[in-house]
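Novice: Before I ask anything, here is the structure I am working with.
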There are 2 protein chains.
Amino acid sequence: MRGAVIYAPGDVRVEQRDDPKIIEPTDAIIRISATCVCGSDLWDWRGINAVTEPTPMGHEYCGIVEEVGGEVGSIKPGQFVIGSFFASDNTCPHCRAGYQTSCQHRQFVGAGGAQAEALRVPLADGTLLATPEVPDDALLPSLLTASDVLGTGWFAAAAANVRPGMTVAVVGDGAVGLLGVLAANQFGAGRIIAMSRHEARQKLAREFGATDIVTERSDEGVARIKDLTDGVGADAVLECVGTNESMIQAIGSTRPGGFVGYVGVPHGVALQGEPLFYSHVGLHGGPAPVRRFLPELIDLIWTGKINPGKVFDLSLPLEQVADGYAAMDERRAIKAFLRP
Amino acid sequence: MRGAVIYAPGDVRVEQRDDPKIIEPTDAIIRISATCVCGSDLWDWRGINAVTEPTPMGHEYCGIVEEVGGEVGSIKPGQFVIGSFFASDNTCPHCRAGYQTSCQHRQFVGAGGAQAEALRVPLADGTLLATPEVPDDALLPSLLTASDVLGTGWFAAAAANVRPGMTVAVVGDGAVGLLGVLAANQFGAGRIIAMSRHEARQKLAREFGATDIVTERSDEGVARIKDLTDGVGADAVLECVGTNESMIQAIGSTRPGGFVGYVGVPHGVALQGEPLFYSHVGLHGGPAPVRRFLPELIDLIWTGKINPGKVFDLSLPLEQVADGYAAMDERRAIKAFLRP
């Protein structure tokens, strides 16, 4: 099969790779219908995460089940399925608590490289969910977002404790931040402040439910949020970047007793205990337990209530995956959709 | 009046000070019935917080109202009152959200020095609460704890999201930690693991509801908590110390999705973003909004349902306050009760 492999920063190639095979009786092999480039893939592309050897890339996927292992019971060949980037048994105490990305038996699905024609998904019963039937192509972009980016924005809103009527600020205008806006809107937020200085993203944020746009960053951004909230701060803040600056901005924008839901994978974040203590701001985040939200997200997409696939503003054949990385890195594209 | 003043680390003196006076029409003057030494006072005593000039000490108090300013309406002379260590208007958005220690007009009551015969309390209407009548002396220790240490343990449990049936671990066996045990018990925790290597404190922890004692610290302490919880971790952890080590221990002891309620004033705490992210552990804490809990706490004490005053294992006349600091510093006493 064809699949993407990173060799060095800025060097992602699509090449011939071995077809994935069932290894464990709990595995499934799926034929990828659509995949994409994640903001977190850019850490490798940019050389911020070291690339020590040629590594298959991609961890967002949906597709048709081709084969299942002997112990797989909940899905069968021919079904269209979506799964999280972390495989989970969905039965251990952490899964049952709704934190499937901390599953005691978790495996990184992306190890197999989802930017490819086919993928082995471990722990298929606990990881994959089938749609009611095989969807039309028009639904693929939205369904694909449920594999990671939508679930991640959704978790940011859940972790930040967003409730009806709240004022919510979203730090980060990447696909996760934009879908954090969508999630906050679905959670019933009364006011959603998107922090973005990029016109196309501001526009999409407004489509997804943003009521206000703040273009300032850091201290100026915090001051602007305070201005907009009578000096109080936002009730909930979604941190969707992962830098120290964005985290400090998120905490500073939150009212005492409010929560920051943080889902940007931290790079260089170091929090001093004393200012955090006196801020009274709560923190909750981590790798999004997408599996917890999958049933609800698939239903919302299937019934046309949300259209998160709009974050894909670039569509490419798999062979041109490197163009997708470059376009996202240079912020020419929000998110690149790939068809094998 | 007589009152305690710190001159240098290890040098707290009781001396003649000016009687407090009404300055603002929202002030009250109270005659102190009982006061005490706080764990946080020891930061000054030990020289960890700099003592730059002679400073009145003490911020935990209860007593009889002597005089009120012209705008005070909810309390009157002759009443017995208890208040938080931070004065709050109890009407601003932060107060209404239950975070009175972040009141937009907050003032540190301890600035006047509560280890004294009398004290000026600003924003009396929003800060003080009167008991049904003047209590017997026997109730004084328990009522006094509601001013800070009980409310702080209580907030740790609330911030850690303790709910019925949960397994709760408490890091720190000072008075706050011990009352965190009491709070967790009142919140209906099914199992309460007190981390302590001090026999008298273990005994009191058990009286307050601890079901298990863990004497190990740091990585060994975390491993022990994991052992006791089938490898899962505690559902909620109360961090009642404030060092980096205790914070790391608390986070490590918590299950994914669980919360650390942290109330120890941080000294040298620096949290790396990445391990916190992957732990899935939430953080919520800060200076306890004692005022939020005062009505409930006073009621529980008044009706004999809880007896938090047991944390006082040393009772001294105010004139011997320095002996109280020394005894607590050397861990000969859990908490020193003082009568002017």
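Novice: Only one of (1) closer than 15 Å to A:Leu128 by Cα; (2) crowded, with 21+ Cβ neighbours inside 10 Å; (3) not basic (Lys, Arg) is not met by A:Ser33, so which one is it?
Specialist: Failed condition: (2).
Novice: Now for a separate question. How many residues are assigned to a loop (DSSP other than H, G, I, E, B), over 28 Å from B:Ala336 (Cβ atoms) and in contact with a helix residue (DSSP H, G or I) (Cβ under 8 Å, 6 or more places away or on another chain) if we restrict to segment B:51-70? Give the derivation first.
Specialist: Residues of segment B:51-70 that are assigned to a loop (DSSP other than H, G, I, E, B), as a first pass: B:51-54, B:57-60, B:69-70.
Next, from what is left, pick out any that are over 28 Å from B:Ala336 (Cβ atoms): B:69-70.
Among the residues that remain, those that are also in contact with a helix residue (DSSP H, G or I) (Cβ under 8 Å, 6 or more places away or on another chain) are: B:69.
Adding up the residues that qualify gives 1.
Novice: All but one of (1) more than 19 Å from B:Glu207 (Cβ to Cβ); (2) buried (at least 24 other Cβ atoms within 10 Å of the Cβ); (3) in contact with a Gly (Cβ under 8 Å, 6 or more places away or on another chain); (4) assigned by TED's automatic domain parsing to the domain that holds B:Leu300 hold for B:Leu144; state the number of the condition that does not hold.
Specialist: (1)
Novice: Now for a different question. Scan (1) without any contact (Cβ under 8 Å) to a residue 24 or more places away in the chain; (2) within 30 Å of A:Val281 (Cβ to Cβ); (3) not aromatic (Phe, Trp, Tyr) for the single condition B:Pro77 breaks and write down its number.
Specialist: It fails just one condition, (2).
Novice: Okay, moving on. Quick one: would you say A:Gly78 is under 17 Å from A:Ser33 (Cβ atoms) and away from chain B (no Cβ under 14 Å)? Can you show your working first?
Specialist: Values: under 17 Å from A:Ser33 (Cβ atoms): yes; away from chain B (no Cβ under 14 Å): yes.
Here the answer is yes, as A:Gly78 does meet what is asked.
Novice: Here's something else I'd like to know. Can you tell me which residues in segment B:105-120 are at pLDDT 95 or above and not aliphatic (A, V, I, L, M)?
Specialist: Listed by number, the residues that qualify are B:His105, B:Arg106, B:Gln107, B:Phe108, B:Gly113, B:Gln115, B:Glu117, B:Arg120.
Novice: Confirm whether B:Leu276 is in contact (Cβ under 8 Å) with a residue 60 or more places away in the chain and in a helix (DSSP H, G or I). Quick ask: steps written out before the conclusion?
Specialist: Working: in contact (Cβ under 8 Å) with a residue 60 or more places away in the chain: no; in a helix (DSSP H, G or I): yes.
It is false that B:Leu276 is in contact (Cβ under 8 Å) with a residue 60 or more places away in the chain and in a helix (DSSP H, G or I).
Novice: Continuing with this model, one more query. Does A:Gly63 satisfy the criteria of being surrounded by fewer than 24 Cβ atoms within 10 Å (Cβ to Cβ) and either without any contact (Cβ under 8 Å) to a residue 60 or more places away in the chain or more than 22 Å from A:Ala146 (Cβ to Cβ) (or both)? Give the steps one after another, and end with the answer.
Specialist: Numbers: surrounded by fewer than 24 Cβ atoms within 10 Å (Cβ to Cβ): no; either without any contact (Cβ under 8 Å) to a residue 60 or more places away in the chain or more than 22 Å from A:Ala146 (Cβ to Cβ) (or both): yes.
Spelling it out, it is not the case that A:Gly63 is surrounded by fewer than 24 Cβ atoms within 10 Å (Cβ to Cβ) and either without any contact (Cβ under 8 Å) to a residue 60 or more places away in the chain or more than 22 Å from A:Ala146 (Cβ to Cβ) (or both).
Novice: A:Arg197 is checked against (1) outside the structural domain of A:Glu245 (by TED's automatic domain parsing); (2) at pLDDT below 95 and fails just one. What number does that condition carry?
Specialist: Unmet condition: (1).
Novice: Could you grab me the full set of residues in segment B:253-279 that are under 24 Å from the mean Cα position of the chain (by Cα), within 26 Å of A:Gln104 (Cα to Cα) and not polar (S, T, N, Q)?
Specialist: Quick first cut of segment B:253-279, residues under 24 Å from the mean Cα position of the chain (by Cα) only: B:253-254, B:258-271.
Cutting the leftovers down to within 26 Å of A:Gln104 (Cα to Cα) gives us B:253-254, B:258-261, B:271.
Of everything in segment B:253-279, those that are under 24 Å from the mean Cα position of the chain (by Cα), within 26 Å of A:Gln104 (Cα to Cα) and not polar (S, T, N, Q) turn out to be B:Gly258, B:Phe259, B:Val260, B:Gly261, B:Leu271.
Novice: Tally up the residues in segment A:95-121 that are part of a loop (DSSP other than H, G, I, E, B) and either within 18 Å of the chain's Cα centre (by Cα) or within 10 Å of chain B (Cβ to nearest Cβ) (or both), please. Reasoning before the result, please.
Specialist: In the first step, residues of segment A:95-121 are kept if they are part of a loop (DSSP other than H, G, I, E, B); the result is A:97-99, A:103-106, A:113-115, A:117.
Subset that is either within 18 Å of the chain's Cα centre (by Cα) or within 10 Å of chain B (Cβ to nearest Cβ) (or both): A:97-99, A:103-104, A:106, A:113-115.
The total comes to 9.
Novice: Can you pull out every residue in segment B:163-194 that is more than 13 Å from B:Leu228 (Cβ to Cβ) and either modelled with pLDDT under 95 or assigned to a loop (DSSP other than H, G, I, E, B) (or both)?
Specialist: Within segment B:163-194, B:Arg163, B:Pro164, B:Gly165, B:Met166, B:Gly172, B:Asp173, B:Gly174, B:Phe187, B:Gly188, B:Ala189 qualify.
Novice: Name the single residue, out of those in segment A:244-273 being part of a helix (DSSP H, G or I) and more than 17 Å from A:Ile225 (Cα to Cα), that is nearest to the other protein chains (Cβ to nearest Cβ). Talk me through it step by step, then tell me what you get.
Specialist: Kept after step one, since they are part of a helix (DSSP H, G or I), are these residues of segment A:244-273: A:244-252, A:273.
Retained after the next criterion (residues that are more than 17 Å from A:Ile225 (Cα to Cα)): A:244, A:273.
Working: A:Asn244: 7, A:Gly273: 3 Å.
Only one residue tops the list, namely A:Gly273.
Novice: Next question. Residues that are out of contact with any Gly (no Cβ under 9 Å at 6 or more places or on another chain) and basic (Lys, Arg): does segment B:157-172 have at least one? I'd like the intermediate steps shown before the answer.
Specialist: Quick first cut of segment B:157-172, residues out of contact with any Gly (no Cβ under 9 Å at 6 or more places or on another chain) only: none.
Checked against the condition, which is being out of contact with any Gly (no Cβ under 9 Å at 6 or more places or on another chain) and basic (Lys, Arg), segment B:157-172 yields no hits at all.
Novice: Check segment A:88-101 and report whether any residue there is farther than 17 Å from A:Pro20 by Cα and among the aliphatic types (A, V, I, L, M). Outline the logic, then answer.
Specialist: Of all residues in segment A:88-101, those farther than 17 Å from A:Pro20 by Cα come to A:88-101.
Keeping just the survivors that are among the aliphatic types (A, V, I, L, M) gives A:97.
Yes, segment A:88-101 has at least one match.
Novice: Restricting to segment B:195-241, count the residues that are in a loop (DSSP other than H, G, I, E, B) and buried (at least 23 other Cβ atoms within 10 Å of the Cβ).
Specialist: Just the residues of segment B:195-241 that are in a loop (DSSP other than H, G, I, E, B), to begin with: B:196-198, B:209-211, B:215-217, B:229-233, B:240-241.
So of that shortlist, the ones also buried (at least 23 other Cβ atoms within 10 Å of the Cβ) come out as B:196, B:210, B:233, B:240-241.
Selection size over segment B:195-241: 5.
Novice: Between a first residue in segment B:119-136 that is in contact (Cβ under 8 Å) with a residue 40 or more places away in the chain and at positive phi and a second residue that is in a strand (DSSP E or B) and buried (at least 22 other Cβ atoms within 10 Å of the Cβ), which pairs have beta carbons less than 7 Å apart while being 6 or more apart in sequence or on different chains?
Specialist: B:Leu123/B:Ala87
Novice: Separate question: Could you list, in sequence order, the residues of segment B:201-246 that are touching a His at 6+ places or on another chain (Cβ under 8 Å) and over 23 Å from B:Val269 (Cβ atoms)?
Specialist: The answer is B:Val232, and nothing else.
Novice: For segment A:244-268, enumerate the residues that are at pLDDT below 95, surrounded by fewer than 24 Cβ atoms within 10 Å (Cβ to Cβ) and either on the phi < 0 side of the Ramachandran plot or in contact with a Gly (Cβ under 7 Å, 6 or more places away or on another chain) (or both). It would help to see each step written out before you state the result.
Specialist: Applying the first criterion (at pLDDT below 95) to segment A:244-268 yields A:264-268.
Next, only the ones that are surrounded by fewer than 24 Cβ atoms within 10 Å (Cβ to Cβ) stay: A:265, A:267-268.
Matches in segment A:244-268: A:Val265, A:His267.
The values are calculated or read from the model by the stated rules, or taken from the named source; none is laboratory data. Bear in mind the structure is a predicted one, so any value in this text is a computation, not a measurement. Methodologically, a virtual Cβ is constructed for each residue, glycine included, from the backbone with ideal geometry; neighbour enumeration extends over all protein chains shown.
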